[in-house]
Amino acid sequence: MKSYQNIYRAARMQAAQGEPIFSSRERTAAELFVSAEALQDYETGRTLPPCDVVQRMVEVYGVPDLKRQHIRACCPLLTDYGGEGFEGLPLAALKWAIEVDDMRDMALRFARMARDGRISSDEIEAALRVRDKAVTLRQVMEESIEVIDQAMKGVNK
């Protein structure tokens with residue numbers, strides 16, 4: 001039986017060459033904080049992983065090219081931008097699209113975690129991921145406001 005080789009499975013297999021733990025989907029899923037079923041869906045192309053999961057893959061696998069490939073796969077806008085070298089308003093719009101891509105899933109996880117009004121010791125890592133995402137979003141929003149304001153200078157309103 002031929003297995004479907006997409007960028008997420010290829011990255012895990014590349015990481016498994018240096019770290020045998022990644023040859024096990026179940027052990028890898030635990031390292032990524034996702035279920036083995038979710039990882040299988042990502043690796044077979046049934047589901048596109050949220051950007052925060054891809055970021056975790058990049059960190060855990062040590063395969064930096066994965067994030068660039070993922071952004072091209074999940075962001076249809078990228079083809080309109082012509083790849084590397086764009087800046088200003090187009091770059092702010094692209095960052096916005098990429099960062100907001102996985103917000104629904106992140107918001108639901110945050111809501112489940114915050115339901116009791118406190119953070120328990122087993123929720124610390126998840127809370128830090130939510131906080132990091134919030135910081136990133138704030139930076140993207142501030143950059144967007146700045147470039148929009150800059151682009152609107154001199155425009156007749």
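A few points about this structure:
- Treating r as the C-beta distance of Met141 and Ile21 and R0 as 41 Å, the FRET efficiency rounds to 0.65.
- Note on Gln150/Asp105: beta-carbon distance plugged into 1/(1 + (r/R0)^6) with R0 of 35 Å gives a FRET efficiency of 0.65.
Each reported figure results from applying straightforward, stated rules to the coordinates on display, with no laboratory input. This one's a predicted model, so the numbers in the text were calculated from it and none came from an experiment. No Cβ is skipped: glycine too gets one built from the backbone with ideal geometry, and neighbour counts run over all protein chains shown.
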